[in-house]
Amino acid sequence: MDMSLSDPVMAALIGASATVLAALVQLRLSWRNELKERERGQPITKKTRRGPVIVVFALMIAAAVGGFALSEYFMSLRDGDRDTLRTELQSKLSEISASAARLERARLAERDQVEFGMLRAEALRRGEEGVAASALVGPCKAESAVASGSRPACSEQSAVQVAVCARVPASATVKEVLLYTRFDDTQQPWADSRVQPGQDAGGARFVEKVFERPDGDAAKQVCQGFVNWSGEKARLARILVRYAL
């Protein structure tokens, strides 16, 4: 406990102590004089009787001053305790705010981690299922007719080659590319329309090699060339790219 006192309180305590001490000395002297006068048989005057009353009055004043000084002293202690309590409360509030900020950061980091895990799981699932892409390739049109009144004939060399591309993450590693083709006006299931690279599918085929090209910073395209030299019908070309991260 801090026992330091302010100057007014210290002065009041010193004055009250001096007054009480002087009053006690005066009271003792008056009492001894009264005893001596009684022993000698002298009459007690009003002045002699008034002496203890004055001393008691002085004691009351000194007690009031001392009580005031003590109350001021206790008030100063209470103010000091209040300041100490305010400082402790501010320190606790700062600790609580810091803890709340740490918990908020941890919660956000955990949420980001969960979201990242969900996105990665979704990307892995898509990679296992595969990403599909398709293109409609019209019938080939030759530049000149072979004979007058006949349908223009096309060859694989003269047909236009198109690229069928599927978009995958830039960090993906291609595991498998499945190829499908069918006529546009048929409802044949894709599972029954699968072909191999370089396989002749009746006037059409996929080239043998897959190639990749960038598509922004986060993705790339996996492409397969396709040629349709049939001059009769349009064809649908479809690829399914399976990948791993």
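The values are calculated or read from the model by the stated rules, or taken from the named source; none is laboratory data. For clarity, every value in this text was computed on a predicted model and none was experimentally measured. FYI the Cβ positions are ideal-geometry reconstructions off the backbone, even for glycines, and counts take in every protein chain you see. Please note that ligands, DNA and RNA were not included when accessible areas were found on the heavy atoms of the full protein model with its side chains. Shrake-Rupley method; radii C 1.70, N 1.55, O 1.52, S 1.80 Å.
If R₀ is 41 angstrom, what is the calculated FRET efficiency for the pair Q199 and A170, using the beta carbon separation as r and rounding to 0.05?
Approximately 0.85, to the nearest 0.05.
Can you put F206, F116 in order of accessible area, largest first, using a 1.4 Å probe? Write out the running numbers ahead of the final one.
Details: F206 0, F116 130 Å².
The ranking, largest first, comes out as F116, F206.
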* To do: Mind grabbing the accessible area of R167 for me, 1.4 Å probe, Å², rounded to tens?
  => 140
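Above 25 angstrom, tally the Cα pairs of the stretch 124-245 and express them as a % of all pairs, no decimals. Write out the running numbers ahead of the final one.
Working: 2219 of 7381 pairs.
Percent of Cα pairs beyond 25 Å in the stretch 124-245: 30.
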* **Distance (nanometres) between label positions extended 7 Å along Cα→Cβ at L124 and D112** => 2.2
* Could you rank M75, M118 by how accessible they are, 1.4 Å probe, largest area first? => M118, M75
* Asked: Using a 1.4 angstrom probe and counting only protein chains, how large is the accessible area of C154 in Å², to 10?
  -> 30
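Where Lys and Arg each count +1 and Asp and Glu each count -1, what net charge lies around M118 among other residues with Cβ under 14 Å from its Cβ? Please report the intermediate quantities before stating the final value.
Numbers: positive: R111, R120, R125, R126; negative: E110, D112, E115, E122.
Summing Lys and Arg as +1 and Asp and Glu as -1 gives 0.
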* Structure fact -> The ³J(HN,Hα) series, computed from each phi in the stretch 183-199 with the Karplus coefficients 6.51, -1.76 and 1.60 at θ = phi - 60°, rounded to the nearest Hz and given as x for glycine or proline, is 5, 5, 9, 10, 10, 4, x, 5, 4, 8, 10, 6, 10, 9, x, x, 6
* Report E208's accessible area, 1.4 Å probe, all protein chains in place, as a number in Å² to the nearest 10. => 130
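If R28, R235, R205 are ordered by their accessible area, calculated over protein heavy atoms with a 1.4 Å probe, which sequence runs from highest to lowest? Walk me through the numbers on the way to the answer.
Working: R28 145, R235 10, R205 60 Å².
Greatest to least solvent exposure: R28, R205, R235.
Around L178, with a cut-off of 9 angstrom between Cβ atoms, what is the net charge of the other residues, counting Lys and Arg +1 and Asp and Glu -1?
Numbers: positive: R194, R238, R242; negative: E176.
Result for the local shell: +2.
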* To do: Pop out the carbon and sulfur fraction of the accessible area of the stretch 113-245 as a percent, whole number, probe 1.4 Å.
  => 49
